[in-house]
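The values are calculated or read from the model by the stated rules, or taken from the named source; none is laboratory data. Because the structure is predicted, anything quoted here is derived from the model rather than measured. So basically every Cβ, Gly included, is an ideal-geometry build from the backbone, and we count neighbours across all protein chains shown.
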Amino acid sequence: MSLLWGLFPFTYYKSEENQARFIAINGVHSLKIRRRGISTLLCFFMYSTIFNHILPLPSFEECFPRSTKEYTETVHEESGHVLKVPFRRVHLSGGNQPFDNYDTSGPQNINPRLGLPKLRKDWIDRRSNLGTPRYTQMYYAKQGIITEEMLYCATREGLNPEFVRSEVARGRAIIPSNKKHLELEPMIVGRNFLVKVNANIGNSAVVSSIEEEVHKLQWATMWGADTIMDLSTGRHIHETREWILRNSAVPVGTVPIYQALEKVNGIAENLGWEVFKETLIEQAEQGVDYFTIHAGVLLRYIPLTAKRMTGIVSRGGSIHAKWCLAYHKENFAYEHWDDILDICNQYDVALSIGDGLRPGSIYDANDAAQFAELLTQGELTRRAWDKDVQVMNEGPGHIPMHKIPENMEKQLEWCNEAPFYTLGPLTTDIAPGYDHITSAIGAANIGSLGTALLCYVTPKEHLGLPNRDDVKAGVIAYKIAAHAADLAKGHPYAQSWDDALSKARFEFRWMDQFSLSLDPMTAMAFHDETLPADGAKVAHFCSMCGPKFCSMKITEDVRRYAEEHGYGTVEDAVKGGMEAMSAEFTRAKKTVSGEQHGEVGGEIYLPESYIART
């Protein structure tokens, strides 16, 4: 069957309709090269059989037992389109109401060769027929139009669609949603919404393959990644991105300079505006939802990095810096910013203005180079808004905790409250192998101050390309950070989730406690390591304290006692307890040698015979 699948394009893809389907699944380059002989057959055969030799991922049901994927329906008034918005329903025991969770996992049981359903096709077709001069969510928002994407995001967040529209119009929020990414389930990034998490995937010139990256995509979104960045730098960049886009229900971002560099054989000096422009259009045509472009790395800022301990650590930033120094010219991305905006306008590609001069060590945090670039990001942001292009600003990096607030304050002021998107930040440099923890600390901190999107860091940061397990560890660490930030911001959804789990914990509803956690199977596995019996899942203790020292069990006993004795307040309980002890003291008194006394200490004088006995 696989061989027939590999041969199929040569006999089937002759009509324009079938060629279009071929391109949608395999990319325009595959169609262009298919006539070049047997090498093309072998190449396509490789891509069409890539999923045959790898183990399947655990299913949604295996990852989230006692949860179901549900949809809420809402009608877009202007178009009449019925939107089906996903969520994950956690079913609880003991008559407790189910808890509904935000869900990013996308459609399940989909053949990756065919890709996801084209959810947005009718939406895009309708707006294409309107003949508007621009096609961005910001343009429509400024016109007072609530798009299907805005309504979808409002439903996911439990907010009024008009509020979503106003935040997008103001530039405080973005909905990354390229009109070519029809498979997208829209989401929103902004400081007044749930804090979101991005997961980086992508191959390198050394290791990884297309199938591994698609599996990382599916695995990351299963555990809650809100967006994905494909940072592929190895072979088959176009094909890898095509597979990822056709199988991604979340926005996909890229750093286009990586592919542009591959096109000139890795020689930065051979780059230029034309090859960069070609790459932008190619990726926009595929459906990339946001571009990271390091247009703020200006020629005059590069010398500011000379005294740094770790120099320029951004790959994109270093590429632009090398080109600028080679020709002693200004960054071509900065010089052609208006041209870049025109491309983004055609597709509604959002821009993530890169922090190419971010600090790569605690020593370099908050230096002149970093803040000079941030100031330029503000200028580029306002220019983008003038052309109705959605923008977010990228931030550091390696920042100690006491220097984090300054980053947020400057970004809000200089970039006019555009969404902030930070890599961590890492709060210390001493823990290679644990940088998902060092950075999650900073992420929670800066998220609570207003950062809208947190780029995850995996345990492999600074050490190697992350595998599937590393991706999960990074996503979970950052979901914790994002949720902690939401709690600090007073988000009602975040508080209700904590309350639901805390209630289950106090009531010893172990299965509910597992089900409500970010990673149910890990929570259950840890519990079962020491108490594997089924009876332990209804026991009123765990292996940490045992049955006699469980504080929650003791509290439960105290509350039961108070209820049985009618104590409504702490004062009532104290008063009642004192009276009960007094009565107990009186009942305990005995007659010894004709004199009254109680237990030891109950009287000043005790009979000599009593003292001798004790």
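Observations, loosely collected:
- All positions within region 504-524 that are touching a residue at least 24 places away in the same chain (Cβ under 8 Å) and closer than 26 Å to Phe193 by Cα: Ser515, Leu516, Leu518, Asp519, Pro520
- Scope region 377-393; condition of a type in the set (Val, Ile, Thr) and either under 13 Å from Asp338 (Cβ atoms) or in contact with a Leu (Cβ under 6 Å, 6 or more places away or on another chain) (or both); matching residues: Val389, Val391
Yes/no per residue for (1) modelled with pLDDT of 95 or more; (2) in the same structural domain as Gly378 (by TED's automatic domain parsing); (3) assigned to a loop (DSSP other than H, G, I, E, B); (4) over 20 Å from the mean Cα position of the chain (by Cα):
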position	(1), (2), (3), (4)
Arg156	yes, no, no, no
Glu167	yes, no, no, yes
Asn178	yes, no, yes, no
Ser208	no, yes, yes, yes
Glu213	no, yes, no, no
Gln218	yes, yes, no, no
Thr221	yes, yes, no, no
Ala225	yes, yes, yes, no
Arg235	no, yes, yes, yes
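- Applying the condition of being free of Cβ contacts under 8 Å to residues at least 40 places away in the same chain and basic (Lys, Arg) to region 376-411 and asking which residue is farthest from Gly144 (Cα to Cα) yields Lys403.
- So Met521, is it at pLDDT 85 or above, outside any loop (DSSP other than H, G, I, E, B), surrounded by 12 or more Cβ atoms within 10 Å (Cβ to Cβ) and in contact with a helix residue (DSSP H, G or I) (Cβ under 8 Å, 6 or more places away or on another chain): yes
- Taking the criterion of being farther than 13 Å from Glu185 by Cα, of a type in the set (D, E, K, R) and either outside any helix (DSSP H, G or I) or in contact with a strand residue (DSSP E or B) (Cβ under 6 Å, 6 or more places away or on another chain) (or both), the only residue of region 120-154 that qualifies is Arg134.
- Subset of region 48-74 (residues that are modelled with pLDDT under 85 and either of a type in the set (Gly, Ala, Ser) or more than 22 Å from Ala525 (Cα to Cα) (or both)): Ser48, Thr49, Ile50, Phe51, Asn52, His53, Ile54
- Residue count for region 159-182, restricted to those that are touching a residue at least 40 places away in the same chain (Cβ under 8 Å) and either closer than 29 Å to Ser439 by Cβ or crowded, with 24+ Cβ neighbours inside 10 Å (or both): 10.
- Residues (over 13 Å from Asn178 (Cβ atoms) and either assigned to a helix (DSSP H, G or I) or not assigned by TED's automatic domain parsing to the domain that holds Thr381 (or both)) located in region 342-368: Asp342, Ile362, Tyr363, Asp364, Ala368
- So Val313, is it under 30 Å from Gly224 (Cβ atoms), buried (at least 23 other Cβ atoms within 10 Å of the Cβ) and β-branched (Val, Ile, Thr): no
This table checks each residue for (1) surrounded by 19 or more Cβ atoms within 10 Å (Cβ to Cβ); (2) touching a Lys or Arg at 6+ places or on another chain (Cβ under 6 Å); (3) among the aliphatic types (A, V, I, L, M).
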{"residue": "Val82", "(1), (2), (3)": "no, no, yes"}
{"residue": "Gly95", "(1), (2), (3)": "no, no, no"}
{"residue": "Arg113", "(1), (2), (3)": "no, no, no"}
{"residue": "Lys121", "(1), (2), (3)": "no, no, no"}
{"residue": "Gln137", "(1), (2), (3)": "yes, no, no"}
{"residue": "Gln143", "(1), (2), (3)": "no, no, no"}
{"residue": "Ala154", "(1), (2), (3)": "yes, no, yes"}
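- Flag for Glu274 being modelled with pLDDT of 95 or more, closer than 18 Å to Leu116 by Cα, in the same structural domain as Gly356 (by TED's automatic domain parsing) and assigned to a helix (DSSP H, G or I): no
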